[in-house]
Amino acid sequence: RDATNYAWKLTLRERREGLLGAGERYRLPFDREWNQAAGLPTNAPSTEILGQRGNTFGRRTERWWSPMQPIPPDANFAGEEFEADRLLKLQPHLPKFRDDYVTTAPVATLGTNSLGLYHMPGNVSEWCMDQDLDGSHWARGAAWDTGEPSKLDKYQRWTKSAGEVSGGIGFRLVLVTA
């Protein structure tokens, strides 16, 4: 996997440059860590326990916003900006929502959450370390091309093969200290 290889190469480079100690390394977050970063309960079941495709914890849903309020301005989902693109306008998109980006937003251009993390509600889905029972990896969160309200659930998991490439999937790294 490219993200895992990148984390290892970054670890080696920063150790060589004296920026990381011997016991420190970068890696993808585990599902529970991603939950915490997104403001979800830390005791929510993790994918290694569930092992089920597309599981959103039964009927429990918690959207990135309240349906009674507008979507937060620091999100990057598929909105009315899709109307300007002849191909994207054919995809589902959220009515009465518009952000400034037809695809991904540059890093650190949208707001931060309470932990100071950028782009948790949207922009790209993010790879996690956890795997499904068949070896597929999980990506968490919604992306710039998510335009169906039912897919904006914070608990949503996307099962992806390790080699899958998409403009809607990215990653963030965790620094593990000894």
Q) Which percent of the accessible heavy-atom area of region 75-140 goes to carbon and sulfur, probe 1.4 angstrom? A) 54
Q) region 71-132 to region 1-22: how many Å between their Cα centroids? A) 28
Q | Where labels lie 7 Å past Cα in the beta-carbon direction, separation of GLU80 and LEU133 in nm | A | 4.6
Q) Tell me, what is the FRET efficiency for LEU117 and ALA178 to the nearest 0.05, using R0 = 22 angstrom and their Cβ-Cβ distance as r? A) 0.45
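Counting other Cβ atoms within 10 Å, keep those with at most 10, restrict to DSSP loop, and tell me which trypsin sites (Lys or Arg not before Pro) in region 89-178 are left.
Values: sites: LYS89, LYS96, ARG98, ARG140, LYS151, LYS154, ARG157, LYS160, ARG172; in loops: LYS96, ARG98, LYS154, ARG172.
Hits after loop and neighbour filter: LYS96.
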Q. Using the Kirkwood radius built from alpha carbon pairs, what does the Stokes-Einstein equation give as D for region 94-178 at 37 °C and 0.692 mPa s, in µm² per second?
A. 234
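With an 8 Å Cα cut-off and a minimum separation of 6 or more residues, compute the relative contact order for region 80-178 in percent.
On the way: 144 pairs, mean separation 23.6, N = 99.
Rounded, it is 24 percent for region 80-178.
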Q: May I ask which residue of ASN113, ASN123, VAL165 lies farthest towards the positive end of the charge dipole of region 107-178, with charges of +1 (Lys, Arg) and -1 (Asp, Glu) on Cβ and the Cα centre as origin?
A: ASN113
Q. Averaged over all directions, how much area does the convex hull of the C-alpha atoms of region 130-178 cover when projected, in nm²?
A. 4.8
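The values are calculated or read from the model by the stated rules, or taken from the named source; none is laboratory data. Every value quoted in this text rests on a predicted model; they were computed, and no experiment measured them. Cβ coordinates were reconstructed from backbone atoms using ideal geometry, including for glycine residues, and neighbour counts include every protein chain displayed. Quick note on the areas: whole protein, heavy atoms, side chains included, nothing else; ligands and nucleic acids left out. Shrake-Rupley method; radii C 1.70, N 1.55, O 1.52, S 1.80 Å.
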